[in-house]
Amino acid sequence: MCSTLSYAQVMAGGGNPIMITGESGTGKELVAKGIHQAGPMSQGPFIAVNVSAIPATMFESQFFGHAKGAFTGAETPHRGYFEQADGGTLFLDEIGEMPIGLQTKLLRVLEEKSFYPLGASKPVWVDVRVISASNSNIEKACQEGNFRLDLLYRLKSVHIHLPPLRERLEIFPCSRPIFCARHAVIIIKMFSVFSPEAMGFIKTAELTRQYTRIGSNY
């Protein structure tokens, strides 16, 4: 992990697009925030977007914004994610879930660094660093025709892979105070030490995944 994070810090200074891969709960967004803070646009905003949660019908409005009156119900102008992230970083989580039909629109913005909000007659130019993340095999998705290879090349100028928690158990001695502090209300009492039985529980691969999922629910 020290080697991985050192590499991430070095790559952060270049300003190139970065793709972070790894299982759910491995800390992809946390690393993305660290890259943003260590990069040349650290003073700008950090906008995190869960791509899988955006309906296809709302994609253009959410990412590119819209002008007043662009469609029924658009009573005020809306700044999309790209414009909100101007001068900073746009973090696209679960990028592998983006429908193939919408990937062309994203690719065009990455190439041209401009876009037209819905209903607008003038383009908006932005300077945005894109960091994407996925817990799926993007290369396999490209082979199956579910992800554009040219978009992958754009997003994956730098690749950082985070190993699952079960492969880096050394983090638990330093992370357990944070875990306990965050969940003190739920577990009633703050524990200063995990028992050997608790550590054995965590070391089991499947139970480690459950631990991560339970923690995120709270």
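The values are calculated or read from the model by the stated rules, or taken from the named source; none is laboratory data. Note that the structure is a prediction, hence the values are computed from the model and not measured. A quick note on method: Cβ atoms are made from the backbone with ideal geometry, for glycine too, and the neighbour counts reach across all protein chains shown. The protein model used for the area step is the full one, side chains on, heavy atoms only, and it has no ligands, DNA or RNA in it. Shrake-Rupley method; radii C 1.70, N 1.55, O 1.52, S 1.80 Å.
General remarks:
- Averaging the sequence gap over all C-alpha pairs within less than 8 Å and six or more residues apart, then dividing by the number of residues, gives segment 1-94 a relative contact order of 30 percent.
- Per residue, segment 73-112 exposes 43 Å² of accessible surface when a 1.4 Å probe is rolled over the protein heavy atoms with every protein chain present.
- Low-density loop positions, chymotrypsin sites (Phe, Trp or Tyr not before Pro), segment 1-107 - DSSP coil, at most 16 other Cβ in 10 Å: Phe71
- Qualifying trypsin sites (Lys or Arg not before Pro) in segment 1-102, where qualification requires a DSSP coil assignment and no more than 16 other C-beta atoms within 10 Å, comprise Lys68, Arg79.
- Per residue, the convex hull around the alpha carbon atoms of segment 1-96 comes to 102 Å³.
- Carbon + sulfur, % of accessible area of segment 1-152 - ligands and nucleic acids excluded, 1.4 Å: 50
- Pairs from the table (Lys68/Lys156; Lys68/Lys140; Lys28/Lys105; Lys28/Lys68) lying more than 32 angstrom apart at Cα are Lys68/Lys156; Lys68/Lys140; Lys28/Lys68.
- Taking segment 8-51 and a reference point 7 angstrom along Cα→Cβ of Cys2, the backbone N atoms nearer than 19 Å belong to 8-11.
- Taken about its Cα centre, segment 30-141 carries a charge dipole of about 140 debye when Lys and Arg each add +1 at the Cβ and Asp and Glu each add -1 at the Cβ.
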